[in-house]
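K.L.:
For reference, the structure I am asking about is given below.
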There are 2 protein chains.
Amino acid sequence: MLTEDHSILSEGAEYNSRFPVCEYCCALPLCEFSSGEEGQSRHDRKIIKRHRKVRRGEFLYRAGDPFHSICAICSGAVKTYALNRDGSVQITGFHIPGELMGLNAVNTKQHTCDAVALENTYVCEILYSHLQELCDESFIARRLILRLLGDQIAHDQTVLMPLIGAKSAAQQLAAYLLSLLQRFERRGLSTDEFRLSMSRSDIGNYLGLAKETVSRLFSRFADEGLITLKARHIHINDRKRLALMATRMPSV
Amino acid sequence: MLTEDHSILSEGAEYNSRFPVCEYCCALPLCEFSSGEEGQSRHDRKIIKRHRKVRRGEFLYRAGDPFHSICAICSGAVKTYALNRDGSVQITGFHIPGELMGLNAVNTKQHTCDAVALENTYVCEILYSHLQELCDESFIARRLILRLLGDQIAHDQTVLMPLIGAKSAAQQLAAYLLSLLQRFERRGLSTDEFRLSMSRSDIGNYLGLAKETVSRLFSRFADEGLITLKARHIHINDRKRLALMATRMPSV
DNA sequence: CGGCCTTTTGACAGGCTTCAAACTGGGTGG
DNA sequence: CCACCCAGTTTGAAGCCTGTCAAAAGGCCG
């Protein structure tokens, strides 16, 4: 499971030397902590394996794999999906830089879905068992991991809830775009625009819409001046109207 | 915020004396722990306020309230909802005995939604700050709370995901009923049947369907022999077919 | 530049929402 | 105890939205 080239990475301030998103990463406090920042003595445990490269189409992990670490995305994008009994795919989420993946497996000790890179992606792997042990030794580590888990619970709810109650396809897509935008902004990755790494098909599968409907809605949103699309790059022109659309029926 | 009648409740084995669901409650390990079971010395902190009664229609907490404790439901049922800007209601979840509520607020320190009892309900309140302090003192408490948070993350995902990707209303409602059934069974509350405490309206709001559609689907499911309805009591006759319906388009 | 996959756009059928009205069941007061 | 009442539920009819099928256009990579 674990490869041999785990770099210990207590290399001090290098933690944010390569990826701009590090500054806003969920795992930043852990990173700093295990790098011996903030007056802490250095821990020579392998907590974080840094900057593993995952090529477009490759798996971070697969359903059934033993869970050993949570992943923080440095750059790129990842989708997770599960297979239904009939073999059809159900996409369970998209994950962008600065976010954590795999926390839903901390108790089952087994991953419950496949995670595949939508583009060339770098991730940091945080060994959960060592993190747990650290909790026994350090007050700060305890508070960090409690906060991490609490944030994940809040994140899941805020991301998923707006999508469930949506009454029209437009409402759903608007909610989805806004949710993505907010997540990109929160991670310090540009305002008002971002790259749509996932295909129309993926979006449709995730939202329960036909890919054609997604495409049509993108065109309509663009016609109405809400967004500007260039290939897979999207610019949000009028987030207020988009927000209205996300909570109201378009015809009301 | 906290009322004065907090019972310390280190009253030993009384923890499961009143509600059958206690045996399968998420909070059972905490209950036992704070009752001094399993060879632990008793803790005279007020960790759990037991069996608070909340009448039908009353609030457990409201959006904006300071967060101080998580709630374990002993009996009854609770719905949570948020208000959109336009004043419309979005139901964010239903909660049944044995489940925890409020964990999504552990970091924000403020509740983000209203929680109202759908019927007369009893809850145990677990003071989060004291739980956190216990983590600093006890290895067992540490593992307990990590497991609690991990379970909540997994729970949120497994409950919400099947509902998002559903392509038809029937698929969505079937997924909803199965999800509820599994939750009731997991808590030791009967197999194959349970009480639908929430109205058709509530279900529709939650799933993004019109209440009429929900009602029609219930009738159709009953006609097809999938379920039997008596007022708000539902019996699942054919969970296999229901499960098929939850993952496949009905016409395929 | 060619091939392939993704995206876009069109037409049609079916499902869902809306509006409307009748019905049921649980709770209240006489 | 019973009639009443009201909220919640059921059922019907019509129109719009969205899924499906199909074909053309665009983008990406070799």
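Read-outs throughout are calculated quantities, based only on the coordinates presented, and are distinct from any laboratory measurement. As the structure is a prediction and not an experimental result, all values here were calculated from the model. When we count neighbours, we look across all protein chains shown, and the Cβ atoms used for this are built from the backbone with ideal geometry, even at glycine.
K.L.:
What are the residue pairs meeting all of these: first residue in segment A:145-171, first residue closer than 14 Å to B:Leu160 by Cβ, second residue of a type in the set (D, E, K, R), Cβ atoms under 8 Å, and 6 or more apart or on different chains?
P.N.:
Once the first residue is closer than 14 Å to B:Leu160 by Cβ and sits in segment A:145-171, its partners that are of a type in the set (D, E, K, R) give A:Ile153/B:Asp156; A:His155/A:Glu99; A:Asp156/B:Asp156; A:Gln157/B:Asp156; A:Val159/A:Arg183; A:Leu160/B:Asp156.
K.L.:
Which residues, counting only those in segment B:199-240, are within 14 Å of chain A (Cβ to nearest Cβ), more than 13 Å from DNA strand C (Cβ to nearest atom) and either surrounded by 15 or more Cβ atoms within 10 Å (Cβ to Cβ) or of a type in the set (Phe, Trp, Tyr) (or both)?
P.N.:
B:Asp202, B:Arg239
K.L.:
If I ask for residues that are crowded, with 20+ Cβ neighbours inside 10 Å and within 12 Å of chain A (Cβ to nearest Cβ), which ones from segment B:95-134 would you list?
P.N.:
B:Leu100, B:Met101, B:Gly102, B:Leu103, B:Asn104, B:Ala105, B:Val106, B:His111, B:Cys113, B:Tyr128, B:Leu131, B:Leu134 - these are the residues of segment B:95-134 that are crowded, with 20+ Cβ neighbours inside 10 Å and within 12 Å of chain A (Cβ to nearest Cβ).
K.L.:
Kindly indicate which of B:Leu163, B:Leu177, B:Leu149 is more than 24 Å from A:Val106 (Cβ to Cβ) and either in contact with a helix residue (DSSP H, G or I) (Cβ under 7 Å, 6 or more places away or on another chain) or surrounded by 20 or more Cβ atoms within 10 Å (Cβ to Cβ) (or both).
P.N.:
Matching residue, one of B:Leu163, B:Leu177, B:Leu149: B:Leu177.
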